[in-house]
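Written below as structure tokens is the structure these notes are about.
Please treat every number below as a calculation from the coordinates, not as lab data. Computed from a prediction, not measured in an experiment: that's the story for all the values here. Cβ placement follows ideal geometry from the backbone for every residue including glycine, while neighbour counts extend to all protein chains displayed.
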Amino acid sequence: MITSDKELQAFVQRAEAADFLALDTEFMRERTYYPELCLIQAATAADLVLIDVQVALDLSVLDGLLGGRVEKILHACRQDQEVLAGRFAVRLQPIFDTQVAAALCGLPPQASYAKLVETFSGVKLAKGATRTDWSRRPLSQAQCDYAADDVRYLAPVRDALARKLENLGRTAWFDEEMRALEAQALDQDPLEAWRRVKGFAQLQGQALASLQALAAWRERHAMQTNRPRRWVISDQGLLEMAARAPKSRAELERVPDLEPALLRRQADELLQVLQQSQGGVAPLWDERVADPLLVRRLQQLLRRVAGELQLDPSVLATRSDLQALVLDQPCPRLQQGWRADVVGKALQEAL
């Protein structure tokens, strides 16, 4: 357990000379917009450490390690990337994501870390601390053991998957996936927040333009106050406001699904957002429905190609990807890179 700057600096010096860094994080997000980093687990061939970020550590000494040459091994790393991006000035790279590697090897696309450890190391991991408050101190021995196990077996799993990828001739596919993963956007654009509002498709025209403005306001407010979106305004509350377009405080108070506390504090702001959105242009999204017969035909071809490769079809393309092709929309996943060669061009020709 690392709880001092001296211990952390000593570990970093050793790890920077290592061949790999197995990495995982524990965090809490139930009561905040941004994930609250609580613990960093890291392992090399010589060390296995738990870095307690709840104490006053100078974490900047980790920047060079996290963004440097040493390969970082993680499992399903998207959330870890997001959590670490909130605390460090560097982007995590280079990455080896064991879940992505497993999917390209023909294992289930969402294979759990525990399943991969059992498959390749023959060890069954304990599940006792799966749901726990990682912000509370002191951590129990059971919590520490659970956290340590999250990185203890990553290197042997990585080695087994790398060999399998090489034997299948899919290392280049995997490398392409990792470069895309390292470059992906981790922050949220408030102007795109309307797309995450459940039920947005029931609105159009001015109501949809108002929803975009209201959702952007909610996103910025959640960021500024570090509160979950749903604690600011529910999705249903946003939809009701956008559809009803209240013009006065009295009208706003009659809108369902708005908390009284919200109206007391932000009624004027919300009315201003609604007023400014009037006459706005609705955000563009394709309301056309893809021909289901064509989508089914493409799914048949996709399943045949996936079967020949012994891959789950979703690794090659999703239903949304196929619908985009049918609607003649851009679909980078199938029009660029290894997927274009493996199945994308065949799907286009069949269409």
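Let me spell out the model: positive unit charges on the Cβ of Lys and Arg, negative unit charges on the Cβ of Asp and Glu, origin at the Cα centre of the chain. What dipole size does that give, in debye rounded to 20?
Roughly 880 debye, rounded to the nearest 20.
Provide the packing ranking of 44-54, 253-263, i.e. peptides ordered by the mean count of other C-beta atoms within 10 Å per residue, highest first.
The peptides rank, most packed first, as 44-54, 253-263.
Considering all alpha-carbon pairs of segment 38-101, what whole percent are spaced by more than 13 angstrom?
Details: 1360 of 2016 pairs.
Beyond 13 Å sits 67 percent of the P(r) for segment 38-101.
Of K6/K124; K115/K164; K72/K115, which pairs sit farther than 24 Å apart, going by alpha carbon to alpha carbon?
Pairs exceeding the cut-off: K6/K124.
For segment 72-202, what does the alpha-carbon gyration tensor say about shape, rounded, prolate or oblate, given a ≥ b ≥ c as the root eigenvalues, a/c under 1.5 as rounded, and a/b over b/c as prolate? Intermediate values should be presented prior to the final figure.
Numbers: a/c = 1.72, a/b = 1.10, b/c = 1.56.
Judged from the Cα gyration tensor, segment 72-202 comes out oblate (a/c at least 1.5, b/c at or above a/b).
Need one word for segment 294-342: rounded, prolate or oblate. Basis is the Cα gyration tensor (sqrt eigenvalues a ≥ b ≥ c); a/c below 1.5 gives rounded, then a/b vs b/c decides.
Values: a/c = 2.21, a/b = 1.26, b/c = 1.75.
Oblate is the answer for segment 294-342, as a/c is 1.5 or above yet b/c matches or exceeds a/b.
Looking at the calculated P(r) for segment 198-351, what percent of the C-alpha pair distances fall above 28 Å?
Of the Cα pairs, 44 percent sit more than 28 Å apart.
For segment 138-243, what class follows from the C-alpha gyration tensor (a ≥ b ≥ c being the square roots of its eigenvalues): rounded when a/c is under 1.5, otherwise prolate if a/b is larger than b/c, else oblate?
On the way: a/c = 3.65, a/b = 1.78, b/c = 2.05.
In terms of gyration-tensor shape, oblate.
List the aspartates and glutamates whose Cα lies under 15 Å from the Cα of K247, skipping any in the same chain that are fewer than 8 positions away.
D268, E269
Given a Förster distance of 35 angstrom, what is the FRET efficiency for T171 paired with R131, based on the Cβ-Cβ distance and rounded to 0.05?
Once the sixth-power term is evaluated, E becomes 0.45.
Rounded to the nearest 500, what is the chain's calculated 222 nm mean residue ellipticity when only DSSP H runs of at least 4 contribute -39500 (n - 2.57) each, over all residues?
Dividing the helical sum by the residues of the chain leaves -14500 deg cm²/dmol.
Kirkwood hydrodynamic radius for the chain: how many Å is it when counted over pairs of different Cα atoms?
Here the Kirkwood hydrodynamic radius works out to 23.3 Å.
So if R0 is 56 Å, what FRET efficiency would T3 and E269 give, r being the distance between their Cβ atoms, rounded to the nearest 0.05?
Using R0 = 56 Å, I get an efficiency of 0.85.
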